[in-house]
Amino acid sequence: MLSLQRSEDALVNFQQNDMDIDTYFSQGADEGRVSAMMARNEVMLSQIIDGGTGNINSNGGGSSDIAQIPAAAGIIEKIILQNFMCHEFFELELGPRLNFIIGRNGSGKSAILTGISVGLGSNAKDTDRGKSLKNLIKRGKELAKITIVLANKGDISESFKRDIYGDTITVERLLRTDEKNTYTIRSETGKVVSHKKSDLDEITEYFDITVNNPLSFLSQGEAKTFLSSSTDKDKYRYFMKGLQYDIVLAEYKHSWNQLAKVDLEIIEKHKHLKALDKDEKQAQKEFSLFHRSKNLRQFQKFYSGKLLWFEIESRKQDVKRLEKAKIQAISRVANSQELIIQGKENAELLRPKILKLTTDQEKYQEDIQHLDKEKTEVKTSLKDIERQLNIVDGKIQDLNDDISAKMQEKSKLQHKIKVEVKRLDSLSNGSRESIQSQLDLLEDRKRQHLQRKQELNEAIHGKQEAFGNMSRMISEELKERKTRISKLQQHKHDLHRFERDKFAPYGDKVEKVLKDIQKDHRFKSKPIGPLGFYMYIKPGHEKFSSLLEKILPTMAFVVQSFDDQTLLKGIFKKFSLNLRIIIRNFERFAYKTNPSEGQKRHVLSILDILKFANEDVKYTLIDVASIERIFLSDSQDEARCLVEENLYGISSCYSLFDSSSAKKFGKSMFGGFKSDPVYYLQNQLPKIRASSEPGGSGYQGEIRKIELQIEGDQIEINQFETHSHHERRSMQGEIDTLKLEYTRLKEDSVKVEKDIIKLQSQLENYDDDHQSRIEVLKSDVSNIDDEIRIKEYSLLDSETELQQLQQKFTEIEENLTTLAQKIGECSVSKLSINKELEDLKDEEEAIKETIENERRQVQKREIIANRIQDSIKTAKDEIVKFSQKAENYCSLSEAKIDFQTETLEGIKKQLDEFSKQASQISVQLGKPEEEILKNREAKMQEYRAARDELIMAGKLRKKLYRSMRNRKEASKLNRDMFCSLANTSFINSLNFRGFQGHLEFDFKNENLKMLVGKHGQEPREVTSLSGGEKSFTQIALLLSIWGPMRSRVRGLDEFDVFMDTVNRKISMDLILKNLRGSPKSQTIFITPLDVGHIKGLDSSQVDIHRLKDPIRRNQ
């Protein structure tokens, strides 16, 4: 028996709450589709029952001749494939009933069924032939074309829009490799009717051609999967998809979801009704307020008149005060004019002083330029003399070297002479020996003189070089010290200027920027900056001032929005500035301060040593620069220790190295320790002040310190000049002593040389015949002596020249030092004059500014006087005007004003009270009386209409809700009926072979079991059957599904390839008998096996198409 599980869980548990159905009608397409599906299923059921399908054993029994007529519309008459899969061109005309397409593997028979599916709208994934349709195009081709001709004959109820298409509908689908695929739908005459996929869907839906139903067109893969499917869930899934019952369920889910949305709309209508009720009550309230406002208007009119009379009296008092003010303004104009005259006189007194200082300034400038020019010329001369000194010094060195070489050569010759003399002495008497002894002593003395002269020459040269170096060093030292004094004087001048001008460190452009910021009213919030202007260093920490200016954004500005940033950038651009702009909300927040451990170590953060004139600047620096986590230390070891120990979240620590540099200790990005040098300038105008009072005297101490430093440096310069003068005199004295000794030694050398010549002459008288060899040697010695004397004379000249050059070098150096000193003195004098001139010009400018201010005051006060006169006239005119206006409200007697007790404020307060109450009512009403009455009536009617609409909507929702529930039950009934018919068909198919069994449906778990028994055995699952018997039962299941499906066109590819001959014959007989009962359906079977031996295939209802064998080419 059929086991039908009527489980409520087969459908979704829809919401059972009351719902409004109005919104559902806006989804009419879904409702129509569900209703059409249900109606079509009911017709199919009746056709199945009336057509005799319920009894499969009948030979089409019960069918009339008309019922056996094939379908005239909705079947495929012809298919043409061009460049599709393996076909270059293929054309096939199909019969209206059963079609068997036979062909060997590779002949392209499966491509026919794929072509039908794709041509009628299937996607690549539905064909089991690849992921893209371009894979179906024949290899080497750019496009493929599928043409399908559908029959469209018969009466109007059977054909589709026959008046448009005629007897046939031709569908063409063009496939391209670029995937730009197109549809073309033509009429019988070939006229193009449409290119839309939606029109093709309408045609296939009308004819019940379900190409996307997996059981309507079973491709080779789908047939294999279905026929060999072993799980009950697979069978259930195929069964429900074949009946398209899953679409019915989906449509019902969608419909019930729409009803849930309608329920929300009912709730909104109810809320709208509440709002209308509130509006109706508000209209009634307005109507009540309108009556109250009339009395308030009367009081308002009376007090307006009373206020005007009081105002008239006030105007009279104003006239008296204005006349007094006019007299005072005229008097002040006279005072200002006197001040202008006095200011002009003072300015005239200053002009001669300014002119004199300007002349002195120009004179000093000319002197400095002249001295600079002279200094340049002296430097050039000094370089020339230095070059000449090097040349002469080199020449002296060469001469000394030549003299030494000649002396060595002479010594060798003299040795040879001694040997000869000895030999001769043995032949002569002892007198020769005595002369030779004297001559030897003189020669030794001459050598000692020569050695000492070389030593003296080297000592003189060394002393002169040291003297030149010392002179240059003294000159450079004096220049450096005087330059430092000049810088200190300039720094002192800058500090004086800073005392007068608080923006001096930031430059004139920044001051102009600040003025433009104040004038520009487009800023949402005025920028703050420069930040250094709002910072002050605490006493005792001034040494860190230059370092802080290096690491903090002292020149930056802070804004609160991007719009303000854009405006500020425009101002910066105007003055060619490129300063940093920080965007930050001015908010206060908690931050960590230096803990007690840090205080014990006497380590301070930047935040600890700074004071702020603006708290927003403080929090900006904490936020942007983390100044509470940057520490300062006097010791580098302590700074390093702090960073390495990572105490209290320190980010970095700075330690001063000298007056212009420091060291930064911190962690590297990889966690290691690192230290970097930080360099900064000294003697710059400080941007961070030492006093917390703007414009105060915070730098008087530093100015005094600079003055003391200048005095000390000047004293040191004087002492240094005195000491260096003594040292130079001492060294010059030493040089002179050495030169005197050198001169005396030269004179003695000349005398010794003469004595040597004399003794040598005496020796020459001995034994001339034996002296020839000695004479030759002595001649050589004499020649050498001549050369030595010549070189010594040249050496003496060079040394004299060297001494003169050194003396000249010293004099030029002293001249250069004097020039540098004069330039420094002129520069100092010029700076002093500049300061004095600047002070006088400032004083003159102040006088001019005072004169201009007083002129403006004169103009302003004259304007004020004129305005006062105009105000007096206006007040008098207003008195007349207000008197006329006041009479319109009430007379002076009616107003009954008591000027002793009543005040203008009291009357205004009373009038404001009445006006406020009237205004409140007017604001509440905001409409004239007629509109208020009309609004009251309209709101009442609108409320009643909305209430009635909500009641009707609720009733209609309940009615529609019951209708949906009924349709749900009808759908379940249709499902059960389809299952029953499929079970009956399955039983009859089993009986055809002598088997017994049935289908068992489990809707809850979505399982479908086939229970089969053979030869009287108890039905059980098909796992015990042979392969061929299993295939037969699957064919029986397919036929049981095809019956209720009523699809107009069906296809099955290679269903029999896995069957043996016996089971294939039995299955074919079963298919033929079963499908003869469906004359209105067209069925296409594709098989590689011959069907000629199967009975019944020669019927007129069966068409057999044999495909050509594929051409095999030997590779």
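Key figures
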{"read-out": "Separation in nanometres of the label points that stand 7 Å from Cα toward Cβ, at Gln342 and Lys383", "value": "6.2"}
{"read-out": "Estimated FRET transfer efficiency when R0 is 56 angstrom, pair Asp713-Thr874 (beta carbons, to 0.05)", "value": "0.20"}
{"read-out": "Hz values of 3J(HN,Hα) by residue in the stretch 105-115 - Karplus curve (6.51, -1.76, 1.60), Gly and Pro given as x", "value": "4, x, 7, x, 6, 5, 5, 5, 5, 5, x"}
{"read-out": "Estimated FRET transfer efficiency when R0 is 60 angstrom, pair Lys674-Asp748 (beta carbons, to 0.05)", "value": "0.25"}
{"read-out": "Pairs of alpha carbons in the stretch 748-905 whose separation is greater than 27 Å (percent)", "value": "74"}
{"read-out": "Cα convex hull volume per residue for the stretch 373-417 (Å³)", "value": "32"}
{"read-out": "Computed lengthening from Lys519 to Met952, 0.36 nm per intervening residue step minus Cα-Cα distance", "value": "149.1 nm"}
{"read-out": "Length added when fully stretched, Glu721-Lys253, from 0.36 nm per residue minus Cα-Cα", "value": "157.4 nm"}
{"read-out": "Label-to-label distance, nm, for residues given as Ala405 and Asn469 (7 Å Cα→Cβ offset)", "value": "2.9"}
{"read-out": "Distance (nanometres) between label positions extended 7 Å along Cα→Cβ at Thr359 and Glu202", "value": "11.1"}
{"read-out": "Net length gained if the chain between Arg584 and Gln451 were fully extended (0.36 nm per residue, minus Cα distance)", "value": "39.4 nm"}
{"read-out": "Paramagnetic reach from Ile267 in the stretch 948-964 [backbone N under 17 Å; point 7 Å along Cα→Cβ]", "value": "954"}
{"read-out": "Net +/- balance of residues flanking Ile79 in space, Cβ distance below 10 Å, scoring K and R +1, D and E -1", "value": "-2"}
{"read-out": "Phe217 long-range amide H proximity, modeled H, under 5 Å", "value": "Gly1051"}
{"read-out": "Ratio Rg/Rh [Cα only; Rh per Kirkwood] for the stretch 852-983", "value": "1.59"}
{"read-out": "Size of the stretch 946-1083 as Cα extents on the principal axes (Å, biggest first)", "value": "77, 35, 21"}
{"read-out": "From phi via Karplus (6.51, -1.76, 1.60), per-residue ³J(HN,Hα) for the stretch 321-327 in Hz, x at Gly/Pro", "value": "5, 5, 5, 5, 5, 5, 5"}
{"read-out": "Computed accessible area, Phe239, all protein chains, 1.4 angstrom probe, square angstrom", "value": "0"}
{"read-out": "Spherically averaged projected area of the stretch 773-866 from its Cα convex hull (nm²)", "value": "9.0"}
{"read-out": "Cβ-placed point charges (K, R +1; D, E -1), dipole of the stretch 531-641 about Cα centre in debye, nearest 20", "value": "220"}
{"read-out": "Cα gyration tensor of the stretch 133-174 - equivalent ellipsoid semi-axes, whole Å, descending", "value": "32, 8, 7"}
{"read-out": "Out-of-range pairs (alpha-carbon distance over 21 Å; input Lys131/Lys233; Lys320/Lys873; Lys301/Lys934; Lys379/Lys835)", "value": "Lys131/Lys233; Lys301/Lys934; Lys379/Lys835"}
{"read-out": "Projected area, mean over directions - the stretch 916-1026, Cα convex hull, nm²", "value": "14.7"}
{"read-out": "Distance histogram in 5 Å bins (all Cα pairs of the stretch 99-157, percent per bin)", "value": "4, 14, 22, 22, 18, 10, 5, 4, 2, 0"}
{"read-out": "Within the accessible area of the stretch 800-862 (1.4 Å probe), percent carbon and sulfur", "value": "43"}
{"read-out": "Hydrodynamic radius (Kirkwood) for the stretch 340-427, which is based on Cα pairs only, to one decimal in Å", "value": "20.7"}
{"read-out": "D (Stokes-Einstein, µm²/s), Kirkwood Cα radius, the stretch 545-595, 1.306 mPa s at 10 °C", "value": "120"}
{"read-out": "Sites Lys1065 and Ala72, calculated FRET efficiency, Cβ-Cβ separation with R0 22 Å, nearest 0.05", "value": "0.10"}
{"read-out": "Alpha-carbon centroid distance for the pair the stretch 1010-1050 / the stretch 76-105, whole angstrom", "value": "29"}
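The values are calculated or read from the model by the stated rules, or taken from the named source; none is laboratory data. For clarity, every value in this text was computed on a predicted model and none was experimentally measured. With ideal geometry, Cβ positions are generated from the backbone for all residues, glycine too; neighbour counts draw on all protein chains shown. Please note that ligands, DNA and RNA were not included when accessible areas were found on the heavy atoms of the full protein model with its side chains. Shrake-Rupley method; radii C 1.70, N 1.55, O 1.52, S 1.80 Å.
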